[in-house]
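Contents: one structure, followed by commentary.
Each value in this text was obtained by applying a stated rule to the coordinates, not by laboratory testing. What you see is a predicted model; the values in this text were computed from it and never measured. So basically every Cβ, Gly included, is an ideal-geometry build from the backbone, and we count neighbours across all protein chains shown.
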Amino acid sequence: MSYDYLLKDASIIDEEGNISNHQNIYIQDSIIRKVTHEEELYFAKQQIDCSELYVTPGLVNLHTHSPMNIFKGMAEDVHIDDWFNKVIWPFESKMTGDDVYCGALGAIEEMIDNGVTAFADHYMYADRICDAVIKTGIKGDIAPAIFGVAKDFNDTLENCSELISKINGAHTRLHVRIGPHSPYTCPEDTLKTIIDRAKALGVGIHIHVSETHEQVEQSIEKYSKTPFEILKEAGGFDIPSIIAHGLWISDEDRKYLNDKTVLAVSPKTYMKLSMGTGHLWDRSWELPLCTGTDGAASSNTLNPLEQAKMFALIGKLIKTSTEYDLRFMWKMLMRGHEALPFNSGKVKEGYAADLVVWDLRTCNTAPVYNPLASLLYSADSRNVLYTFIDGRPLKKNGQVQIEQNSSALFSLSRDIMNRGQGVTNLSF
Ligand SMILES: [Zn+2]
């Protein structure tokens, strides 16, 4: 038997944070074929000496808007209302499919650099994000954004359904689900129509829920229900749901969560836009928490490790230093794999070879008394030596292998400023 890769003599950190040393990992095609500490070595076309290195499942970015990379740094030091209403939505209204493609490529390059093997995206022109996923080799779970309040609601839903029929089942690295933007931009009837369609197509949804305190208050005032209750009544908890944020989830709302639900949280955005600490840090262990980065327009970086670190630090600041321990945070980082259909998240035979090889010998992480502490609190992209996706090293020896996209982003940013802002009927 010959294999494509042997990661030789590695220390594996599994999805629970357990460490096993002196492991040989054999990869063939896109799959982990063998994990063994046997001395006998089988032939592999390429061997990587991992005797001083750590191997983990890849990182997952479970909530982002990858094309918003093109607005990174555009709206700083502003109130959240102005962030949406005066900057982002007016500029977004003039965005084209080509802009989306360019932004997604830049985002994917950054994510691979950070050790991300799969991401869940939520945006318009989703077909172009799918193109970027196919071109680069990363794994993507893409949700075309749908606004129930938009005039073209029906057309958008039909286009989304067509994309689902075309993509799902035809690509192993790509999956499409439906992305109702939020209960506040999808009136109840439209939200139910979207969820019924998702059920008919056998897919889940990806939606923003209870992001701010004001959003919850307005929902109660208008409908006498929280955004979570609205989602419940529309059937949103009957199907797999990636819920972005849920920052202001109430005690009552918690009872709707089930094993088909995950909460993708992005604490850097909450801090940046003064969204408060909400209720995510109350009995966090009850919640199915995963890390997302949100779009780079609010978070500036696309690094799930950084989000996990911030989640832990906020928790320790407002609760106690003994909570949000390393294993809790590591499991939160890894849980995103369970929400995606890519057979990933374990360094075990039969699982997708979506792996990160970490070098913790650099000045920011050395010495390594506790590898989980080094990863969660000290590491960054410089420690990601390899990012394997489906058995292919898209980052190799510290260098991202896909085409570099920064100069295209610079020229697009000039274009965006020349085009200026358009008119939007959206209001935050
Ligand atoms: Zn978002």
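Quick rundown of the values:
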| read-out | value |
| --- | --- |
| Trypsin sites (Lys or Arg not before Pro) restricted to DSSP loop in segment 313-379 with at most 14 other C-beta within 10 Å | Lys319, Lys348, Arg361 |
| Ranked Met329, Met1, Met74, criterion: other C-beta atoms within 10 Å, fewest first | Met1, Met74, Met329 |
| Trypsin sites (Lys or Arg not before Pro) restricted to segment 126-201 and DSSP loop, no more than 12 other C-beta within 10 Å | Lys151 |
| Local electrostatic count at Arg128 - Lys and Arg +1, Asp and Glu -1, tallied over other residues with Cβ under 10 Å | -4 |
| At R0 = 35 Å, FRET efficiency that the Cβ-Cβ distance of Asp282 and Ser413 yields, to 0.05 | 0.30 |
| Extension gain from Glu214 to Lys135, taking 0.36 nm per residue of separation minus the Cα-Cα distance | 24.4 nm |
| Cα gyration tensor shape for segment 285-381, rounded if a/c is under 1.5, else prolate or oblate | rounded |
| Estimated 222 nm signal from helices in the chain, with DSSP H stretches of n ≥ 4 weighted -39500 (n - 2.57), rounded to 500 | -9000 deg cm²/dmol |
| Residue-span extension gain [Thr424 to Cys363] - 0.36 nm each, minus C-alpha spacing | 17.2 nm |
| Value of relative contact order over the chain, rounded to a whole percent, pairs C-alpha under 8 Å and six or more apart | 22 percent |
| Label zone at Ile318, where the point sits 7 Å out along the Cα-to-Cβ direction: segment 224-262 residues whose backbone N lies under 13 Å | 246-250 |
| The chain: angle of helix 188-201 to the longest principal axis, Cα-based, in degrees nearest 10 | 40 degrees |
| Three-way shape label, segment 59-339, alpha-carbon gyration tensor, a/c 1.5 | rounded |
| Cα gyration tensor shape for segment 310-354, rounded if a/c is under 1.5, else prolate or oblate | prolate |
| Folded to 0 to 90 degrees: helix 153-167 orientation relative to the chain principal axis, Cα | 20 degrees |
| Mean Cβ neighbour count within 10 Å, used as a protection proxy, ranking 396-409, 224-237 highest first | 224-237, 396-409 |
| Theoretical FRET efficiency, 1/(1+(r/R0)^6), r = Cβ-Cβ of Asp196 and Asn18, R0 51 Å, to 0.05 | 0.75 |
| Within straight-line cross-link reach of Lys255, lysines at Cα separation under 24 Å, skipping those fewer than 8 residues along the same chain | Lys192, Lys199, Lys222, Lys225, Lys232, Lys319, Lys331 |
| Relative contact order (%) - criterion: Cα under 8 Å, at least six apart; region: segment 108-218 | 24 percent |
| The chain: angle of helix 126-136 to the longest principal axis, Cα-based, in degrees nearest 10 | 10 degrees |
